[in-house]
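Peer 1: Take a look at the following structure, please.
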Amino acid sequence: MSLLPVEEALQRVLDGITPLGSETVDLIAAGGRVLADDVIARLTQPPFNASAMDGYAVRGDDVKSAPAHFTVIGEANAGGPFNGVVGPGEAVRIFTGGSLPEGADTVVIQENTERSGNALTVLEAASRGANIRSMGSDFRADETLLKAGRLIDASAITLAAAGGHAHLAVRRKPRIAILATGDELVPPGNQPGVGQIISSNPYGLAALIESFGGKAHLLGIAADNMPALANALADADDADVLVTIGGASVGDRDLVKPALEARGMALDFWKVAIRPGKPMLFGRLNAQQRVLGLPGNPLSCLITARIFLVPLLYALLGRTDDPLAEQTAVLAGEIPENGPRQHYMRALLTPVPGELPRAAPLSSFDSAHITALATANALIVRPPCAKSASIGEVVRVLPIDF
Ligand SMILES: Nc1nc2c(c(=O)[nH]1)N[C@H]1C(S)=C(S)[C@@H](COP(=O)(O)OP(=O)(O)OC[C@H]3O[C@@H](n4cnc5c(N)ncnc54)[C@H](O)[C@@H]3O)O[C@H]1N2
Ligand code: MOO
């Protein structure tokens, strides 16, 4: 059976996807979520011509040359405007953020003045309009401040709040159910018996899912038999995506595919030209739910999740940016020729000022070895059947932050 190329497999996973519905949350809860609607300014910022400095509001004509003499007629601070009019030879004490009084069009900074009682001397000439933030210079009411599909970060929250919004429409978090399968598995915190190992994958996967905006729901561990699998799969009905771990290969106890098919999954593909991760499968249950069957080896599991599940999460969230894009780097170690599967090799990426970063491949290729993944910060992407590559060659890399 020929293996499906990674790019085609990914296209099939994302085919026909539409973003999930939205919900309204307050600004505190909006951080890290994805904006579902454009944010339109309800207010103008600054709402009035405001002073950018502590100093004196005057008429520009009066400070064309220095020294110039004034009478201080009042004070304007942030939140406390001066209600009179500034005439020729008059100045109003003003503080940063204060509203510029009528008649004034210039602010001279305090450091360039001398004051004695109400008598003020401006020691340096200033140009008209100096030190003023004009009304609406940041944004005006009805302007689009933020576009739907962006990640809501600290600056987006600040802007939305300043624009008059206390709540934002965000995409519902994709619900991802995770089922570990295998007679040999015990949950973390237990002492494994003979032949047993710790079920580590669901926890790493959950962290990955949550860090990319999803909601992980652990379904526990199902034993390698059809009734146990059927029972566990029944708990995944409300998930947007069901992820199974393990049991995806060709062994006698690799029952995940038949168990999913018995539940009504329409298989889209099984086995991809990817290393690690070849035995992964993809299908749909009840038309709505996407199913990713990931391999049990920890590396295979996390890397296939990064390649297939993370873009799926992004599509469900309607994210429009592409922080996941591949980059290029200069190879800092030899790599052998590649086999027929696209190989994602763990590597250490080091920035080099003004040049492409350096990618040093890590030595372990074993898809069950977790330590190398914890050290790596990138994957070198080796296309199927690529020739051996030497130090200095430019290669494709995928930065990873997990
Ligand atoms: N004859 C063949 N054998 C295998 C092939 C093949 O093509 N022909 N493919 C190999 C590849 S590639 C991979 S990857 C593995 C994947 O196998 P499965 O998805 O069926 O995974 P399991 O056999 O269930 O487990 C593999 C390995 O991972 C451990 N595991 C499973 N679940 C977890 C978990 N939740 N946490 C931590 N570790 C887990 C499991 O104990 C096994 O050691 O198949 C090859 N075989
Ligand atoms: O591709 Mo498997 O994922 O080699 O270990």
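Peer 1: Looking for something closer than 30 Å to G31 by Cβ, among the β-branched types (V, I, T) and within 25 Å of the chain's Cα centre (by Cα) - is there at least one such residue anywhere in segment 282-297?
Peer 2: No, every residue in segment 282-297 fails to be closer than 30 Å to G31 by Cβ, among the β-branched types (V, I, T) and within 25 Å of the chain's Cα centre (by Cα).
Peer 1: Additional query: Going through segment 28-63 one residue at a time, which ones are of a type in the set (S, T, Y) and outside any loop (DSSP other than H, G, I, E, B)?
Peer 2: The answer is S51, Y56.
Peer 1: State whether one or more residues within segment 273-281 are within 16 Å of ligand 2 (Cβ to nearest atom), of a type in the set (G, A, S), buried (at least 19 other Cβ atoms within 10 Å of the Cβ) and within 27 Å of the chain's Cα centre (by Cα).
Peer 2: yes
Peer 1: Here is a further query. In segment 287-316, what residues are within 16 Å of ligand 2 (Cβ to nearest atom) and closer than 19 Å to D224 by Cα?
Peer 2: L292, G293, L294, P295, G296, N297, P298, C301
Peer 1: Sort out which residues of segment 195-234 are out of contact with any strand residue (DSSP E or B) (no Cβ under 8 Å at 6 or more places or on another chain), within 16 Å of ligand 1 (Cβ to nearest atom) and of a type in the set (S, T, N, Q), and write them in order of number.
Peer 2: Residues satisfying the conditions are S200, N225.
Peer 1: I'd like the full set of residues that are in contact with a helix residue (DSSP H, G or I) (Cβ under 7 Å, 6 or more places away or on another chain) and either within 7 Å of ligand 1 (Cβ to nearest atom) or on the phi > 0 side of the Ramachandran plot (or both), limited to segment 284-293.
Peer 2: Residues satisfying the conditions do not exist here.
Peer 1: Another question about this same structure. Looking at R284 and the list (1) more than 16 Å from ligand 2 (Cβ to nearest atom); (2) assigned to a strand (DSSP E or B); (3) under 25 Å from I380 (Cβ atoms), which single condition is not satisfied?
Peer 2: (3)
Peer 1: Go through segment 228-271 and give me each residue that's assigned to a helix (DSSP H, G or I) and surrounded by fewer than 19 Cβ atoms within 10 Å (Cβ to Cβ).
Peer 2: Residues satisfying the conditions are A228, A230, N231, A234, D235, P258, E261, A262.
Peer 1: Being touching a residue at least 12 places away in the same chain (Cβ under 8 Å), within 16 Å of ligand 1 (Cβ to nearest atom) and of a type in the set (S, T, Y), is that true of even one residue in segment 336-351?
Peer 2: Checked segment 336-351: at least one residue is touching a residue at least 12 places away in the same chain (Cβ under 8 Å), within 16 Å of ligand 1 (Cβ to nearest atom) and of a type in the set (S, T, Y).
Peer 1: Pick out, from segment 302-402, the strands (runs of 3 or more DSSP E) lying fully within it that include 3 or more residues that are closer than 30 Å to D153 by Cα.
Peer 2: The strands (runs of 3 or more DSSP E) meeting that bar are 327-331, 342-350, 378-382, 394-399.
We did not get these values from a lab; they are worked out from the coordinates using the rules stated. Please read all numbers here as calculations on a predicted model, not as lab measurements. Cβ sites come from the backbone with ideal geometry, for glycine too, and all protein chains shown count toward neighbours.
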